[in-house]
Structures are given as structure tokens and as C-alpha cells.
Amino acid sequence: MMNATGNASSKRQRAKRGVSRTKLIGWLGLLPFAVFMTLFLVIPVLFNFWRSLHDSSGAWSLQPLRGIFAPEYLNAYVNTIKLSLVTALLGGLLGLLLAWALCTATKPRWLAKIMLSFSAVASQLGGVPLAFAFIALMGTEGALTVAIRNVSGVDISKFLDLSSFWGLTVVYLYFQIPLMAVLIMPPILGLKKEWSESSAALGASALQTLMRVTIPVLTPAIIGTMLLLFANAFAAYATAYALSGGSANLIAIMVGVFLTGNVFVDENFGAALIVGMIAIILVAFIMRSVLERRTAKWLQ
């Protein structure tokens, strides 16, 4: 009896040591990522915040932070927020439809696989290559522009300037739509069949199930993903710069002016502009985190 008890106690101790060893290996696996994040995210953010609280002479001052509320810089923030909101809403709605089609379509499966692969690639495509592709397609002498001009005599470049607000919106949607589709697919696939079956058993139509069950459950995930799209568009730089040549009145491009050092600028004020961007993006991510917890509660 005592021998059996001792064996059981020994097994429990070995199991505990195994669990502790597994946890230790897990933490060691996170260590390189934690070091990388600390060096290239946490420290730069703290450094910019520190500099934004000092003037050019190094003394403590709120002047750099006050400066971001000057009309020209505040207008850049407003323009960037508008562009981010529009592309997040349009990209979110169109991406949601794409994701729903990918999740529910049964035939042809090869088309769904191709679209899913394309969405995964396109969601990460941006910068100069994307800007060049749109200029080559829809610019003043782009392939599509020339083709439409030759056939109908209509010059679409006069109606859609790629460096304008709506031109940038069209280009941003290229990566916003597939990004929404890729991120919202897991919550859609996580919907339980029992919910629709129970709803149908109670006499609800497919539309009623969609409006009263599916959409309310997915709403936190949809809004949370749109917030990520907002942050993605808000921080975009290379695409807008390549399309506009740096003339677009967006806060990321203004920060780029401070980073290039082509003119005499106050680097502390540049840090203050960056802190303003970080604050807006941080609010979006905090809101998304709250909504993610609500989504996980429903789909677990």
C-alpha cells in the first residue's frame, strides 16, 4: 500500500517537473522575440516620447507636443484619419463579403483556394511596387487609361487622380480588402452550426438567422478587424509617398520629411508628431483587444 502511494507521489512529482520544464522551454522560445520587440519597438517608442517632452535645447517642455495642434499639422492628422476610416469601412465591408464567400462556397473549391492564396499575398503587398502597379495601370498613360481613351475617348485619369484622396482610397483598398478577408475568416469559421440549426428549428428564416444570430455574434470581430485596418492605413507611408511624390497632406509623409533631414527641422517636434501617431494607433489596438475578448467568449 505504501509502495503504491509512493509510486503515485513520484509520478505526480515527475509530471510537475515535466510541466515546469515545458513552461521554461516556452518562455525561452519567447525570449528572442521579446528581445527583438524591446530593441526595435519598446525602446524607440520610449525614446520618441522622451524627446517629445524636451525642447531643442534639451530642457523639459511641452512645446513640441503643443506644436502638433498647429493648423497645418492638425489638418494632416485629420486627413489621415479620414483616409483611414474610409478605407477601413469600405475595405471591411467588401472584405467581409469576400471572406463569407470563401467560407461558404462549396464549388469550385479550386477558385476559393486561389482567392484565399491571393488574399494572403495581397494583404501584405504595399509600398512602391503597389504604387507602380497602379500608375502603370491607371495613371495618365497607364494601360487601362490608354485602352479606355482609345475605345471611348474618355480619359479616366481626369476623374481619378491617384494622388488625390479618392485615388489613394482605391489603391489602399487593394490591400485592405484582402487583409479584412484573411483576418475575419477564423471568426466566421468559428460560428457553431448548432446556432443556425436551433434558429431554424424555432421557425426563423435564413435572413432572420443572419440578422439576429450571425451578425450580432460577429459584430465585435468585424469592428475589431476594421480597427486593425484603420491602424494599418494610418501608418502607411511608402504607398502614399510613391503615388503623390510626397505632396499628400498625410501625417506619415510629414514625419518622413523630418526623418529625411533634407531641411532644418526640430527633431524633438518630429518625435512629438510620432507620439501623436502612436497614441491614435494605440487607442485603436486597445479597443480591438477589448472586442477580441468578447469574440473569444462567444466562439470558444
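The values are calculated or read from the model by the stated rules, or taken from the named source; none is laboratory data. A quick note: this is a predicted structure, and the numbers were derived from the prediction, not measured. Cβ sites come from the backbone with ideal geometry, for glycine too, and all protein chains shown count toward neighbours. Keep in mind that these areas ignore ligands, DNA and RNA; they rest on the heavy atoms of the full protein, side chains included. Shrake-Rupley method; radii C 1.70, N 1.55, O 1.52, S 1.80 Å.
Out of Ala271, Ala279, which single residue is surrounded by 16 or more Cβ atoms within 10 Å (Cβ to Cβ) and modelled with pLDDT of 85 or more? Before you say what the answer is, go through the steps one by one.
Details: Ala279 fails: surrounded by 16 or more Cβ atoms within 10 Å (Cβ to Cβ).
On inspection, the qualifying residue turns out to be Ala271.
Identify the residue in the stretch 94-117 that is in a helix (DSSP H, G or I) and open to solvent by 100 Å² or more (accessible area, probe 1.4 Å) and, among all such residues, is modelled with the highest pLDDT. Break it down into steps so the answer makes sense when it comes.
Initially, the stretch 94-117 is screened for residues in a helix (DSSP H, G or I), giving 94-104, 109-117.
Among the residues that remain, those that are also open to solvent by 100 Å² or more (accessible area, probe 1.4 Å) are: 97, 109-110, 113.
On the way: Leu97: 94, Arg109: 77, Trp110: 80, Lys113: 82.
So the residue we want is Leu97.
Restricting attention to the stretch 232-246, does a residue exist that is more than 25 Å from Leu90 (Cβ to Cβ), open to solvent by less than 70 Å² (accessible area, probe 1.4 Å), not in a loop (DSSP other than H, G, I, E, B) and not acidic (Asp, Glu)?
The answer is no, given that none of the residues of the stretch 232-246 is more than 25 Å from Leu90 (Cβ to Cβ), open to solvent by less than 70 Å² (accessible area, probe 1.4 Å), not in a loop (DSSP other than H, G, I, E, B) and not acidic (Asp, Glu).
Of the residues that make up the stretch 67-83, is at least one among the basic types (Lys, Arg) and either in contact with a His (Cβ under 8 Å, 6 or more places away or on another chain) or modelled with pLDDT of 90 or more (or both)?
As a first pass, look at the stretch 67-83 and keep what is among the basic types (Lys, Arg): 82.
Okay, now just the ones that are also either in contact with a His (Cβ under 8 Å, 6 or more places away or on another chain) or modelled with pLDDT of 90 or more (or both), so 82.
Checked against the condition, which is being among the basic types (Lys, Arg) and either in contact with a His (Cβ under 8 Å, 6 or more places away or on another chain) or modelled with pLDDT of 90 or more (or both), the stretch 67-83 yields at least one hit.
Cβ-Cβ below 6 Å, separation at least six or inter-chain, first residue in the stretch 151-175 and outside any helix (DSSP H, G or I), second open to solvent by 40 Å² or more (accessible area, probe 1.4 Å): which pairs?
Val154/Ile148; Asp155/Arg149
Taking the stretch 121-161, which residues are open to solvent by less than 50 Å² (accessible area, probe 1.4 Å) and either touching a Ser or Thr at 6+ places or on another chain (Cβ under 8 Å) or on the phi > 0 side of the Ramachandran plot (or both)?
Gly126, Gly127, Leu130, Ala131, Met138, Gly139, Gly142, Thr145, Asp155, Ile156, Ser157, listed by residue number.
Between a first residue in the stretch 227-241 that is farther than 14 Å from Ser123 by Cα and a second residue that is open to solvent by 40 Å² or more (accessible area, probe 1.4 Å), which pairs have beta carbons less than 6 Å apart while being 6 or more apart in sequence or on different chains?
Close Cβ pairs satisfying both conditions: Leu227/Met287; Leu227/Arg288; Ala238/Val128.
Just the residues that are in contact (Cβ under 8 Å) with a residue 60 or more places away in the chain and part of a helix (DSSP H, G or I), please, taken from the stretch 184-217.
Ile184, Met185, Pro187, Ile188, Leu189, Val217
Got a sec? Which of Ala181, Ala200, Ala204 is open to solvent by less than 40 Å² (accessible area, probe 1.4 Å), of a type outside the set (Val, Ile, Thr), farther than 29 Å from Val45 by Cβ and at pLDDT below 90? Steps first, please.
Values: Ala181 fails: at pLDDT below 90; Ala200 fails: open to solvent by less than 40 Å² (accessible area, probe 1.4 Å).
Every option except Ala204 fails the conditions.
Does the stretch 123-150 hold any residues that are of a type in the set (Ser, Thr, Tyr) and not in a loop (DSSP other than H, G, I, E, B), and which are they? Steps first, answer last, please.
Initially, the stretch 123-150 is screened for residues of a type in the set (Ser, Thr, Tyr), giving 123, 140, 145.
Listed by number, the list holds a single entry, Thr145.
Would you pick out the residues in the stretch 36-82 that are in contact (Cβ under 8 Å) with a residue 40 or more places away in the chain, farther than 23 Å from Phe234 by Cα and out of contact with any Asp or Glu (no Cβ under 6 Å at 6 or more places or on another chain)?
His54, Asp55, listed by residue number.
Among the residues of the stretch 44-74, which ones are over 13 Å from Val275 (Cα atoms) and open to solvent by 70 Å² or more (accessible area, probe 1.4 Å)?
Listed by number, the residues that qualify are Ser56, Ser57, Trp60, Gln63, Pro71, Glu72, Leu74.
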